[in-house]
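Structure, as structure tokens:
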Amino acid sequence: APSPASYTSSVSDSMTSLMSELSGVSIPTTSQTTEAAASGSAPAAGTSSGANTVKIDSTDGTYEILVPSAWSDLKGQLDSTGETEQNYTIEAGSLDEQSFLISNRESKKNSSLVSLTDYSDTLVSAISKSSDFSNIRNGGTSDFTLKTSGFTAKKTLLTVSYQNQDLAYYIYAVESGNYYYQFCCWTAATNEGAAGDNFDAAVNSLTELG
């Protein structure tokens, strides 16, 4: 993974390092073999405790989301080069709140994954197998429908330990008519409730532009 960029002093060293690690993590590519599903009952996606008012467009101009006013477009700040291994087209979050979101999409036509379940399973498997994490606890996967678009989606909540810090890691897989979308979000476990509402609201606001 690339070396961490310079962040404000309000962000812990371990969270800064984690941002660098996760921005380069290999998830998912169509050449990967689908893994077994995470099972259980995760909380369904809900509504943010605050209004999402800041619009962030993907760098390729194909979709957009709304995020809280305290968040910023962090493209180029989640790793030292601004280019991640998976070339995420949205990177956003709050350094002060230590809440972060990365996203991209791929064409279903060119994908070897045959269903939203396969796509979600591949995402969860890739994160669960990361050698950077320990004590991984799977809170289960839930199904929901995005409020803005009506797209079908799956949400999985993982709790992991990273450099003596507990983190809540949210993995969203979304299916539209022609694309699969991934949203990978993380925060300190102590901030799970408020950050989870913000993550849910951001994903629910997904709008295709092209």
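In the stretch 60-210, Cα pairs under 8 Å separated by at least six residues give a relative contact order of 28 percent. Shown in residue order for the stretch 119-136 are the 3J(HN,Hα) couplings computed by the Karplus curve 6.51 cos²θ - 1.76 cosθ + 1.60 at θ = phi - 60°: 4, 4, 4, 5, 4, 5, 4, 4, 5, 5, 8, 4, 6, 7, 9, 9, 6, 6 Hz (x for Gly and Pro). In the stretch 101-145, the convex hull through the Cα atoms has an average projected area of 4.5 nm², a quarter of its surface area.
Every number in this text was worked out from the coordinates using simple rules, so none of it is lab data. Note that this is a predicted model, so its numbers are computed, not measured.
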